[in-house]
Amino acid sequence: MKQRIVSGMRPTGKLHFGHYLGVIQNWVNLQDEYDCNFFVADWHALTTKYDNTEELRQNVLDVAMDWLACGIDPNKSTIYVQSLVPEIAELNIYLAMCTPQNWVERDPTLKDMVKILDKKEATNSQISYGLLGYPVLMSADIMMLNAQVVPVGIDQVAHIEITRDIARRFNNIYGKQYFNEPQPKLTQVPLFCGLDGNKMGKSNNNDIKISDDEKTTEKKLMRAITDRTRIKKDDLGHPDLCEVVYKYWEIFGDAQTVSTVNCECKAGQRGCADCKRALAKVINEKFAPIREKRRYYEEHISEVEDILREGSNKAREEAKKVLADVRELVRMY
Ligand code: TRP
Ligand code: SF4
C-alpha cells in the first residue's frame with residue numbers, strides 16, 4: 001500500500017519559477033511512490049480575499065494548467081478543487097469544535113499573514129473569523145483523506161504541527177486512533193530569489209512565470225541584478241556577488257557551462273548583458289515543452305475542467321467514507 005499524500009496551493013494566479021522549483025517539481029517526483037492528491041485551495045483564498053473574487057475562477061484554472069503543464073499527471077494523481085469537495089467543510093466543523101482557541105491564535109504563520117494584511121488598506125486589514133480558522137481548514141483538507149504525508153514549504157510546517165495536534169486531540173476525545181498524525185515532507189530546494197534579489201513573488205513584481213513567453217523571459221532577465229561592483233564589461237567579476245543571474249545559472253545550467261560562466265566572469269571576459277541573454281536561452285529551452293503543453297490546455301479549457309471535476313469526484317468518494325466514520329465517532333444523528 002502506498003502512503004497517501006495531500007497537498008494544496010492557494011489560487012494566486014499564474015505560477016512562477018519559485019513555485020516550480022520549490023513545490024511543483026517536488027510533487028511531480030512523488031507521483032509514482034505515493035498516492036498523491038493535489039488540490040487548489042479556493043476556500044483558503046477567501047480567508048484574505050473574500051471581497052475580491054473576480055479573478056478567482058480564472059486563478060483556479062491557471063494554477064491547474066500550470067500543474068498539468070509541469071507534469072502533474074491526472075492518471076497518477078488526483079487533482080481537485082477544494083470547494084468541489086464540500087465534505088471538507090463539514091469535517092472543518094467537527095475539527096473547529098475540538099480545537100482550543102489559543103492554538104489558532106498562536107499560529108505563527110497567521111501572525112505573519114496579519115502583518116502583511118496590516119500593511120494593506122483598511123478594507124482588507126480586518127482579520128475575519130475565517131482567517132483565524134485557516135489552520136483548522138487546512139487540517140480538514142489533510143485529514144479528509146487521512147493523509148500520512150504532506151509535502152510543503154518550510155513556511156507551512158507550523159500548520160502541519162497544528163494538524164498533528166488536532167488529529168491527536170480528535171482521536172483522544174472520540175476514543176479511537178482514527179486519524180493519522182501526518183508528517184510534513186520538506187524538500188531541500190535551492191534558495192531561489194526574484195530578479196531584484198528579494199523573495200520571488202507576484203506582488204514583488206520580480207518573478208518569471210512558468211507561462212511567460214520567450215521574449216518576456218529574456219526581457220525580465222535583462223533587468224535582473226548582477227555583481228554591482230562591475231561597471232565595464234572587462235571589469236573582473238565576482239560570481240558569488242551575482243546573487244541572481246549566477247544563482248540561476250547554477251540551477252538551470254549544466255556543470256560545464258556554469259564553470260565556463262564562472263571563469264569568464266572572473267577574468268572579465270564576459271559581459272553581463274551577453275551572460276543574461278545566454279541564460280535566457282538556456283531557460284527558454286528548458287521550459288519550451290512545458291510552455292507548449294500549457295498553451296495546449298489554454299486552447300482546451302474544457303479538458304482542464306473535466307480533469308478537475310473528475311478528480312474532485314474521486315476525492316469525494318474517499319472523503320465520504322471518512323466523513324461517515326467521523327459522524328459515527330462524534331455520534332451525529
Ligand atoms: N496553506 C497552504 C499554502 O498557502 C495551502 C494549503 C491549503 C495546503 N490547504 C493545504 C497545503 C493542505 C498542504 C495541505 O501554501
Ligand atoms: Fe553575473 Fe554573468 Fe555578469 Fe558575471 S557576467 S556578474 S555571472 S551576469
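Examine segment 208-216 for a residue that is aliphatic (A, V, I, L, M), buried (at least 17 other Cβ atoms within 10 Å of the Cβ), near ligand 1 (Cβ under 10 Å from one of its atoms) and within 16 Å of the chain's Cα centre (by Cα), and state whether such a residue exists. Can you show your working first?
Taking segment 208-216 first, the residues aliphatic (A, V, I, L, M) are 208, 210.
Then drop every residue that is not buried (at least 17 other Cβ atoms within 10 Å of the Cβ), which leaves 208, 210.
Next, only the ones that are near ligand 1 (Cβ under 10 Å from one of its atoms) stay: none.
There is no residue in segment 208-216 that is aliphatic (A, V, I, L, M), buried (at least 17 other Cβ atoms within 10 Å of the Cβ), near ligand 1 (Cβ under 10 Å from one of its atoms) and within 16 Å of the chain's Cα centre (by Cα).
Would you call L329 at pLDDT 95 or above and either under 29 Å from the mean Cα position of the chain (by Cα) or on the phi > 0 side of the Ramachandran plot (or both)? No: the conditions fail for L329. Do the conditions hold for E54, that is, is it farther than 19 Å from I5 by Cβ and in a loop (DSSP other than H, G, I, E, B)? Taking the combined requirement at face value, the residue satisfies it. Could you tell me whether any residue of segment 37-47 is closer than 20 Å to R291 by Cα and buried (at least 22 other Cβ atoms within 10 Å of the Cβ)? Checked segment 37-47: no residue is closer than 20 Å to R291 by Cα and buried (at least 22 other Cβ atoms within 10 Å of the Cβ). Residues that are surrounded by 16 or more Cβ atoms within 10 Å (Cβ to Cβ) and of a type in the set (D, E, K, R) within segment 162-179 comprise R164, D165, R169, listed in sequence order. Residue selection: E318 satisfies the criterion of being closer than 30 Å to Y80 by Cβ, in a helix (DSSP H, G or I), among the acidic types (D, E) and within 16 Å of ligand 1 (Cβ to nearest atom). The residue list G268, G253 contains one member that is free of Cβ contacts under 8 Å to residues at least 60 places away in the same chain, among the small types (G, A, S) and on the phi > 0 side of the Ramachandran plot, which is G268.
Inside segment 157-198, residues that are aromatic (F, W, Y) and over 20 Å from V136 (Cα atoms) make up a count of 1. Of all the criteria given as (1) charged (D, E, K, R); (2) more than 28 Å from I208 (Cβ to Cβ); (3) surrounded by fewer than 19 Cβ atoms within 10 Å (Cβ to Cβ), the one not satisfied by R57 is (2).
For segment 69-103, how many residues meet the condition of being surrounded by fewer than 18 Cβ atoms within 10 Å (Cβ to Cβ) and not in a loop (DSSP other than H, G, I, E, B)?
Filtering segment 69-103 for residues surrounded by fewer than 18 Cβ atoms within 10 Å (Cβ to Cβ) gives 71, 73, 75-76, 86, 89-90, 93, 96-98, 100-103.
Pick out the ones that are also not in a loop (DSSP other than H, G, I, E, B) and you get 89-90, 93, 96-97, 101-103.
So the count comes out to 8.
Does N205 satisfy being on the phi > 0 side of the Ramachandran plot, within 29 Å of the chain's Cα centre (by Cα) and without any contact (Cβ under 8 Å) to a residue 24 or more places away in the chain?
On the way: on the phi > 0 side of the Ramachandran plot: yes; within 29 Å of the chain's Cα centre (by Cα): yes; without any contact (Cβ under 8 Å) to a residue 24 or more places away in the chain: yes.
Spelling it out, N205 is indeed on the phi > 0 side of the Ramachandran plot, within 29 Å of the chain's Cα centre (by Cα) and without any contact (Cβ under 8 Å) to a residue 24 or more places away in the chain.
Here I210 meets the list (1) over 30 Å from A96 (Cα atoms); (2) free of Cβ contacts under 8 Å to residues at least 60 places away in the same chain almost entirely, failing just condition (2). Among the criteria (1) more than 30 Å from H238 (Cα to Cα); (2) among the aliphatic types (A, V, I, L, M); (3) in contact (Cβ under 8 Å) with a residue 12 or more places away in the chain, the one I283 does not fulfil is (1). For segment 264-303, which residues satisfy the criterion of being within 16 Å of ligand 2 (Cβ to nearest atom), charged (D, E, K, R) and surrounded by 12 or more Cβ atoms within 10 Å (Cβ to Cβ)? The answer is E264, K266, R270, K276, R277, K281. Residues in segment 279-333 that are acidic (D, E) and under 28 Å from N171 (Cβ atoms): E317, E318, D325, E328. Under the condition of being within 16 Å of ligand 1 (Cβ to nearest atom) and either in contact with a strand residue (DSSP E or B) (Cβ under 6 Å, 6 or more places away or on another chain) or closer than 28 Å to T217 by Cα (or both), the residues counted in segment 43-58 number 2.
Among the numbered conditions (1) modelled with pLDDT of 95 or more; (2) in a helix (DSSP H, G or I), the only one that C36 does not meet is (2). The set of residues in segment 218-247 being in contact with a helix residue (DSSP H, G or I) (Cβ under 6 Å, 6 or more places away or on another chain), assigned to a helix (DSSP H, G or I) and within 30 Å of E298 (Cα to Cα) consists of E218, L221, M222. Filtering segment 138-182 to residues that are within 14 Å of ligand 1 (Cβ to nearest atom), assigned to a helix (DSSP H, G or I), touching a Ser or Thr at 6+ places or on another chain (Cβ under 8 Å) and not polar (S, T, N, Q) leaves M138, I142, M143, D155, A158, H159, I162, I166, A167.
Kindly indicate whether G268 is at pLDDT below 95 and within 30 Å of D141 (Cα to Cα). Taking the combined requirement at face value, the residue does not satisfy it.
The values are calculated or read from the model by the stated rules, or taken from the named source; none is laboratory data. Quantities reported herein were computed from a predicted structural model and do not represent experimental measurements. As a convention, Cβ positions derive from the backbone with ideal geometry for all residues, glycine included, and neighbour counts pool all protein chains shown.
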